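One structure is given here, and the rest of the page talks about it.
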Amino acid sequence: MNDLANPAGVAGKLRKERSLLPTGERLARLRRWRNIKDQLARYGIGIFGLGVIFCLGLIFVYLFSEVVPLFRSAAVTQGAVYAAPGPIDGVRTAQVASDRHNSLGVRLTDAGHALFFSPETGEVLEQKILPLPADVAVTARARAEARSRTVAIGLDNGHVLIAAYGFDEVFRGGARQVSGSLEYPVAVDGDPLLDVAGDGTAVRNLAVQRGARGIALAAELADGRLVLVRFEETRSFLTGETTVERKQYELERPPSNAAITRMLLDGTNRSLLVGDADGQVHYYDIARPADGQVRDSRRVMQDPNAAVTSMEYLLGSVSLIVGGSDGSVSQWFLVRDADNIGRLTHIRDFESHAAPVRAIAPEYARKGFATADADGTIKLHYATSERTLATYGGIGTAPRALSFGPRANALYAVGEDERLHRLIVRNPHPEVSFSAFWQKVWYEGRSEPDYVWQSSSATDEFEPKFSLVPLTVGTIKAAFYAMLFAVPLAIMAAIYSAYFMSARLRGYVKPTIEIMEALPTVILGFLAGLWLAPFIENNLPAVASILLLMPLLMVAFGFIWTRLVSAEWRARIPVGWEAALLIPVVILVGWLSVSLSPLLEVALFGGDARQWLTDVGITYDQRNALVVGIAMGFAVIPTIYSISEDAIFNVPKHLTQGSLALGATPWQTMTRVVLLTASPGIFSAVMIGMGRAVGETMIVLMATGNSPIVNFNIFEGMRTLSANIAVEMPEAAVGGTHFRILFLAALVLFVITFVMNTVAEIVRQRLRQKYSAL
Amino acid sequence: MKEWMRSGTPWVWLTGGAVAVSLVMVLGLLLMIGVRGLGHFWPSAVVEFDYAQEGQQPVRVLGELSRSETLTAAAMREAGHAVPEDQEIVVRHLIKRGNRDVTGSDFVWYLGSYSSEWRYPSDAMVLERLTWGDFIGYLREYREDGEVIVSGSEARQAFEARLQETQRMVREIAHIERVEIGAVNREMERLRLVERGLNLRDELGAAEREQRQAELAAERAELDAEYAALQARRNDLRSELRRYSIVAEVMDGRMQEIQLGEIVKAWWPNDMGFFAKLGFYGQSFWDFISGFPREANTEGGILPAIFGTVMMVMIMSVVVTPFGVMAAIYLREYAKQGPLTRAIRISVNNLAGVPSIVFGVFGLGFFVYFIGGGIDQVFYQEALPSPTYGGPAIIWASLTLALLTLPVVIVSTEEGLSRIPASIRQGSLALGATKAETLWRVVVPLSAPAMMTGLILAVARAAGEVAPLMLVGVVKLAPSLPVDGTAPYLHLDRAFMHLGFHIFDVGFQSPNVEAGRPLVYATALVLVLIIIILNLTAIAIRNRLREKYKAESD
């Protein structure tokens, strides 16, 4: 440091000789250079420091930016409008669809065209002809689930044609080329036309479905007959050939005499739904088609005069969406009642249209759908989140065909004027809504609304369940039991070691407890999961007896020591070492409880405490909240202890001395003076401890079963927000709703803990000022 | 008594009890990890007893005692075990029988009441094997080329002598496979990527492309030859190894032939003296620290995990120290001390309390997907779609932990800076030094110990953090270490193994939890030791520092 001393003062005296010291000019240069360096340091450090702080701020900004898209509303905008590709004069569009890249569309017409066109321009690229006889008219149209790409056309001569269109992709020279194809999945003797009526009666209504169990067809004929046709594929074990067997059944008509307007078959070939002009839907159980009958009839319209104008299954063919002539849109599905009979049950309503609903288009891969009314207004809905996401002003006329692009990013609508509207849909996160996160939701296939977190499953038809309630409850539960264990222990320990303990002992005890804080939580979690959980399961009575006996025996020992032990003995242990004396007591109580545990179990719980709990009606998981409470409590004890000990220790001595001088006992001084003064510090200690418990990941991950359940039973597990992130983040699709919801969970954790810590810190700083003022 | 109660003394005793309970818990925990972690390497005695369940033929049981439990008979019956009618309390022992390949299950509970007295046969042998876990039995024959060379009690000597040699060969094979063939494979992978990169570059002329491809083909042929030579050497060693075997009797009397090449270690625990055991213990512990994991991590050593942890922490330190110190200097020395700076200070402080998993999520989204994915797009196009930097990598883990520990370093350095007495600063300024000079020559050297403390605390925290790493870089089993002999020697894009994650993985996701359990304790012990030593160092430095300035500022 001495080299800093500026020798300028002596320089003048020595200048007459040849000085080794710098001349005035060099000195000035040196000074300039030092000045520049000073400035450089100032700005360099400034930029650097601010950069680091900015980086830390970036965490919040980035998390936020990943979450924001969740809450952006959906939009439907016009892509292109053109005359429907191919002939339009007197030709009705039956169906439109496109491939998953929206690079090739198909329009099926009543005249038997299959026109493959470019969705961008409407230019016809390929034309195929359906084998319809020349002199017949199309009287009914139906389509199976969108992803099966199968349609059925009913004719006035009682025949039905089932056709499947396809888009074949080939990669040639790195470029994708798509070409259209057309096939007929069922054909009798090479003839794809199926004679359903048998006597030439026209087909009036039609339903078709293609599922894992083959193709099924239901038709209402002009003479009122209701016919069910099944094509069951059987594969011969010997030859590997598949043979399609056709079976036809006749069903009774629905009980009401109203005209049938729509029919639907589900993908498992178990139910047929028939909607009528009277606003009713009839459910046929066709699991055994020979004795298929109406199980349930239900009015699905609120308006007594309304008719069912359109009906469609959502993805998976479980949920039924019904559109009425009163413009209402509602969701229904079969729920089994007490007698195990499926009943059509009203699940939820969506925003109504002003005109009768004419068309419903389900999405290919999600539980969303679009509805179009007679005025041409189109609305976008999502079932699980009970939202109507967007409304599109209209296509001018009633729709003849409406369908989604497979990735739900485009919507194709053909109006009665035979103009095709290609609409661009931006709807990445429809699953999100307040009700989906926080309220009970009636999920498909469940008997009642519930809070469920289940983000993924093996099947494509899966309905993601994003209720945050189980995770939030789990987080609160884990933190609550941890605090229940840690707060009394830590604060009492802090009181003793700050106020009653001798200085020397305190010098050992405080660092020992504080070093716990550095203990990796993965170790606590592993001990909790692999050692503590089975230990507690096998020694349940010991846990209870430790809780009861420990405080009692401590006080008893205190009484014996202060009252019954001779003063001579007491003098050997200095004041302030009571805690050291109690260590053997604690060990003894622990050992006694554990070794007496089996005896207690035999005496009180019929030999098996766990079974006893189950008999009483309490579910017991091995890895439960009790284990988590102890392990996580262990992790937060040092935090709470250290901060509240500081707060108590720093209470000015003259306050306590004044109190003691007035004749208060040490304990009175403690509770009436010290604790009151230090309470803000203790509060902030608890807050910081709580923040740690809320965000702790490894302990809950390892010491619970991670099942997202909603209860506060101490003997059951939970799944917390943080553990959920750790479990599911690596497998969430980047940019998807699930991914962003996990980011949302992280952001919520960030904000909660940040706010808690800030409050604690401000309280603590106030306290510090108060102490210095006292 | 009443008076005593009213004086509040019971409460004082209760609070004292809280301290005692806390202490017992801390020390008990450390003691448990210590005893169980260290105990695993002690060659435990092999017990033999006859186990006669009611109405069944007695069977001979041979194995190591893992632990014992006392349970109620009702709970046992509930779990479906046969327990004598008259018993209410049952003692049961978990016996490690080994021989997973012969008996199916290597850990089995035996009720104390059905067992005969325990014997400790001195010729009971334990083998540590490359596969199927430990073998416990009696050595009967030593064979070469399938022919019995020695049988009976002399077999042990011949076997032990040959084992030395086969162990050396096994090590050589491992070296060939892990190091030499690994290097060839990496080189081939590099060539493949170069070739793909060549195809992606459109601007190359046909002639030039062909020439380069020819060069690549020549290189590949050379590598193929090298590979074939290595493989031939390995196969020679293997067939040599296959010549030697032993035959041993297992607990149910069956004879089992075991290749010497399969055997890692052999010992006769009941025949060892205290010092022999001590020597064995040291050797086992060293093998554990310096070995590679086997059998889904439930056996072998933890060298890659230790190495990965240390490496990650080192890279993190290199990042976090300059940034943290600079930020602290800015906040304390240059920033205008006002409400804004105070707010920033509180925020930085509170970031230390934000759950680590949040940093993990940030690291995954920002570092791995955004920056890593970007780097892949620009520089590693030929390797896509398999990620180079866009997947779990040690660099992202280090950066994520650097962010996580930045607050620790900033707070600690700031505290150090604020403890330097104003008189020292003023002295320097009075002598004409500029602010920067005062800073670099006076303030920073004096507060260096505080920075060290901050760094050590940061390292201690980082070494124990697992949750964020699970998202950004840690894997169950890394095929290669982040540092090796191929250029550029330090591979920042590789995933790595970590002690903390190793504990989680072996303890909770391994197929044989019981077999892995002692290893988990041992790993936990290593981790705890590293962290406690680091923390104690930090505390010691801090205390020395405080004393020093107390003296200087007087």
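Computed quantities for the displayed model
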item	result
Residue (of A:497, A:687, A:751) at the positive-pole extreme of the range A:469-771, dipole from beta-carbon charges	A:497
Cβ-based charge dipole, the protein assembly as shown, positive-most Cα from B:466, A:430, A:196	B:466
Neighbourhood charge, 12 Å Cβ-Cβ cut-off, centred on residue A:73 and excluding it, Lys, Arg +1 and Asp, Glu -1	+3
The range B:312-502, Cα convex hull volume normalised per residue, Å³	147
Long-range tail of P(r) for the protein assembly as shown (Cα pairs > 62 Å, %)	32
Charge dipole magnitude, Cβ of K and R +1, D and E -1 - the range B:46-120, Cα centre, debye nearest 20	300
Exposure rule at most 11 other beta-carbon atoms within 10 Å, DSSP loop trypsin sites (Lys or Arg not before Pro): chain A longest free segment	A:19-774
Between the range A:404-467 and the range A:313-350, the alpha-carbon center distance in angstrom	15
Equivalent ellipsoid, the range B:46-120 (semi-axes from 5 times Cα gyration tensor eigenvalues, Å)	21, 14, 12
Neighbour net charge for residue B:515 - beta-carbon separation under 11 angstrom, K R +1, D E -1	-2
Spherically averaged projected area in nm², based on the convex hull that wraps the Cα atoms of the range B:81-136	4.9
Trypsin sites (Lys or Arg not before Pro), loop per DSSP, at most 14 other Cβ atoms within 10 Å - longest free stretch of chain B	B:337-554
Hydrodynamic radius by Kirkwood, which averages 1/r over all alpha carbon pairs of the range B:441-527, in angstrom	15.5
Shape metrics for the range B:152-261, restricted to C-alpha atoms - Rg then Dmax, Å	23.3, 76
Filter on B:277/B:476; B:336/B:435; A:770/B:336 - keep pairs with C-alpha separation over 21 Å	B:277/B:476; A:770/B:336
Within chain A, longest stretch clear of exposed GluC sites (Glu not before Pro) (DSSP loop, no more than 13 other Cβ within 10 Å)	A:253-774
Around residue A:709: net Lys/Arg minus Asp/Glu count, Cβ-Cβ under 14 Å	+1
Ranked B:451, B:255, criterion: other C-beta atoms within 10 Å, fewest first	B:255, B:451
The range A:664-774: translational diffusion in µm²/s, Stokes-Einstein, Kirkwood Rh over Cα pairs, 20 °C, 1.002 mPa s	127
With 10 Å bins from 0: P(r) over chain A, alpha-carbon pairs, percent	2, 10, 16, 16, 13, 11, 10, 9, 7, 4, 2, 1, 0, 0
Low-density loop positions, GluC sites (Glu not before Pro), the range B:135-226 - DSSP coil, at most 11 other Cβ in 10 Å	B:203
Cα-based Rg / Dmax (Å) for the range A:143-265	17.0, 61
Approximate spin-label separation residue B:544-residue A:299, in nm, with each point projected 7 Å along Cα-to-Cβ	8.9
The range A:469-771 - Rg over Rh from alpha carbon coordinates, Kirkwood radius	1.02
Expected 222 nm ellipticity per residue - DSSP helices of 4 or more, -39500 (n - 2.57), all of chain B, to 500	-18500 deg cm²/dmol
Taking A:353, A:654, B:81 and counting other C-beta atoms within 10 Å, the order from fewest to most	A:654, B:81, A:353
About the Cα centre, charge dipole magnitude for chain A (Lys/Arg +1, Asp/Glu -1 at Cβ), debye	5380
For the range A:298-422, alpha-carbon Rg over 2.2 N^0.38 Å	1.05
Farthest toward positive dipole pole in the protein assembly as shown [+1 Lys/Arg, -1 Asp/Glu at C-beta], among B:260, A:101, B:371	B:371
Dipole moment magnitude, nearest 20 debye, the range B:152-261 about Cα centre, only Lys, Arg, Asp, Glu C-beta charged	280
Eligible aspartates and glutamates near residue A:37 by straight Cα distance, threshold 20 Å, same-chain separation 8 or greater	A:3, A:25, B:333, B:437
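Here, each number is a calculation from the coordinates, and none is a lab measurement. Every value quoted in this text rests on a predicted model; they were computed, and no experiment measured them. All Cβ positions, even for glycine, are placed from backbone atoms using ideal geometry, and neighbour counts span all protein chains on display.
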